[in-house]
Amino acid sequence: MCTVACLPNGEGYVLGMNRDESVTRPIGRAPGVEEIMRAGGPGWVISPADPAGGTWISLNDQGVTLALINWYSVPPGAGTGWETRGRVVRDSARAANAGEVDAVLAGLPWERLQAFRLIGVFPAARVLHEWSWDRVKLRTEILPWAARLWVSSGWDEPRAQVVRGETFAAARAESGDTNSLAWLRRFQRSHAAGPGPFSVCMHRADAHTVSYTEIEVTTATAALRYHAGSPCEPAEAVAIRRPRGEITTSTPAGKTRG
């Protein structure tokens, strides 16, 4: 259960992700930096960590963000032995372009992964990508460099998509800078149609928004800010900002698995 909003702008983009989880599930760990090496020199990856393994969002020195949401509209597979979907972002987090994400995804144990959607933001090529896995086929869609919203909900996903989509559209119609961090924060804290199961900042008796992750990428720097708890509640956020590395141009994707 999550809400992801991406807002490209003249310099790069801002992105916000509300992570919604059961009140009984352990919360994630604050983000850290992993130093990596690329062919052209050193790089880095910033991501929080899920106690179950992996992560739900990452940012790297190329300004690339990957974010994963569960796909509840696809019936879950039965039985046990399923791997955490958090490995999808964890394993792909170093990717400098969409082609490198494709290469990582090709090696995943698909028969052990429940349905998901993976969002990729590639500022060098100025495109968005969405990989969707329905437990039968992996599909890739290349999306325009424009404001976009993704929603998942284990309560009523179609209804949540409609309500949060309407909230997003109404807020985008406001005057002012609708691609700014200030606008993004107001939207991710929104209790329109709530507070309740369909509000962007989600509140139910058995589940709620447990964290808010915010990413800001410019031509020179990239930053990830992590707010533990619901974004409507005060909390001391963890923020990490790093200079961007030498840019690698994204490679268009379009592969299908299955």
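For the range 66-95, a tally of residues being of a type outside the set (A, V, I, L, M, F, W, C), within 21 Å of Ala106 (Cβ to Cβ) and in a strand (DSSP E or B) returns 0. Pairs linking a residue in the range 164-190 that is under 12 Å from Ala5 (Cα atoms) and surrounded by 15 or more Cβ atoms within 10 Å (Cβ to Cβ) to a residue that is at pLDDT below 95 and among the β-branched types (Val, Ile, Thr), with Cβ atoms under 7 Å and 6 or more positions apart or on different chains, are Arg172/Thr178.
Across the range 111-121, the qualifying residues are those that are among the hydrophobic types (A, V, I, L, M, F, W, C) and under 20 Å from Asp50 (Cα atoms), and the one among them that is surrounded by the most Cβ atoms within 10 Å (Cβ to Cβ) is Ile119. In the range 123-133, the condition of being over 16 Å from Val4 (Cα atoms), free of Cβ contacts under 8 Å to residues at least 40 places away in the same chain and out of contact with any helix residue (DSSP H, G or I) (no Cβ under 9 Å at 6 or more places or on another chain) is met by no residue.
Of all residues being under 14 Å from the mean Cα position of the chain (by Cα) and surrounded by fewer than 18 Cβ atoms within 10 Å (Cβ to Cβ) in the range 127-146, which is farthest from Gln188 (Cα to Cα)? Just the residue, please.
The selected residue is Ser132.
The set of residues in the range 41-65 being surrounded by fewer than 21 Cβ atoms within 10 Å (Cβ to Cβ), assigned to a loop (DSSP other than H, G, I, E, B) and touching a strand residue (DSSP E or B) at 6+ places or on another chain (Cβ under 8 Å) consists of Pro51 alone.
Report yes if Thr84 is surrounded by fewer than 23 Cβ atoms within 10 Å (Cβ to Cβ), more than 18 Å from the chain's Cα centre (by Cα) and β-branched (Val, Ile, Thr), otherwise no.
No, not satisfied.
For the subset of the range 1-52 comprising residues that are in contact with a Ser or Thr (Cβ under 9 Å, 6 or more places away or on another chain) and of a type in the set (S, T, N, Q), which member is modelled with the lowest pLDDT? Once the filter is applied, the top-ranked residue is Asn9. Exactly one residue out of Val163, Val151, Val136 is touching a Cys at 6+ places or on another chain (Cβ under 8 Å) and either part of a loop (DSSP other than H, G, I, E, B) or under 21 Å from Met17 (Cα atoms) (or both), and it is Val151.
The values are calculated or read from the model by the stated rules, or taken from the named source; none is laboratory data. These numbers were taken from a predicted model, which means no experiment stands behind them. No Cβ is skipped: glycine too gets one built from the backbone with ideal geometry, and neighbour counts run over all protein chains shown.
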